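The values are calculated or read from the model by the stated rules, or taken from the named source; none is laboratory data. Since we're looking at a predicted model, the values are computed, not measured. Glycine gets a Cβ as well: all are built from the backbone with ideal geometry, and neighbour counts include every protein chain shown.
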Amino acid sequence: MVSRIVFSQCRVGLLKVSDLAGYRNGQVYISQSKHTPINKDGVRDVMPLLFELLENEKEASVRAVLGHFIFVYTHPYMDGNGRMGRFLMNTMLASGGYLWTVIPVEERDRYMNALEHASFGQDIKPFAEYLAYLVGAGLKGEPIAK
């Protein structure tokens, strides 16, 4: 309720006020992706399972990969899912002592292809390897873009 009052002052008009609080209330699609996120009714079932998975997984790197992937796979909000997924990934990484990891703009295609392979191709290994590459490059202080 409070968030609706706060966000009701926003007059930009990109999203409806009702889209700014709580899980999404409509179907969303991801541009340039074959993956269609679960329907709006399934979000309320999936999100508690994601939180339970993150709570029970001891390894921070696994939490980072699965947390990010399952979050964006579910796409619980009308907007901002990618940003929130990367934030979640970084909080999971930081909880294990890893450095904060940024996905450079130059790496966006590689990142999106790895996510697409995980969601539509049902193989999370390339996504996990890509995140490991980013974290490893960051630990070594190497530039990430090739």
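Which residues, counting only those in segment 57-94, are surrounded by fewer than 17 Cβ atoms within 10 Å (Cβ to Cβ), of a type in the set (A, V, I, L, M) and over 15 Å from residue 128 (Cα atoms)? Passing the criteria: 84, 94. Comparison of 49, 54 shows that the only residue that is modelled with pLDDT of 90 or more and either among the charged types (D, E, K, R) or closer than 21 Å to residue 130 by Cβ (or both) is 54. Here residue 95 meets each of (1) out of contact with any Leu (no Cβ under 9 Å at 6 or more places or on another chain); (2) within 28 Å of residue 36 (Cβ to Cβ); (3) in contact (Cβ under 8 Å) with a residue 12 or more places away in the chain; (4) of a type outside the set (D, E, K, R) with one exception, condition (2). If you go through segment 113-134 and keep only what is within 22 Å of residue 94 (Cβ to Cβ), of a type in the set (Gly, Ala, Ser) and either free of Cβ contacts under 8 Å to residues at least 24 places away in the same chain or touching a Gly at 6+ places or on another chain (Cβ under 6 Å) (or both), you end up with just 114. Applying a threshold of 9 Å to beta carbon distances and a minimum spacing of six or more residues, or different chains, the list of pairs starting in segment 73-84 at a residue that is touching a residue at least 60 places away in the same chain (Cβ under 8 Å) and ending at one that is crowded, with 18+ Cβ neighbours inside 10 Å and among the β-branched types (Val, Ile, Thr) is empty. Listed conditions (1) farther than 21 Å from residue 32 by Cα; (2) free of Cβ contacts under 8 Å to residues at least 12 places away in the same chain; (3) more than 15 Å from the chain's Cα centre (by Cα) are all met by residue 87, apart from (3).
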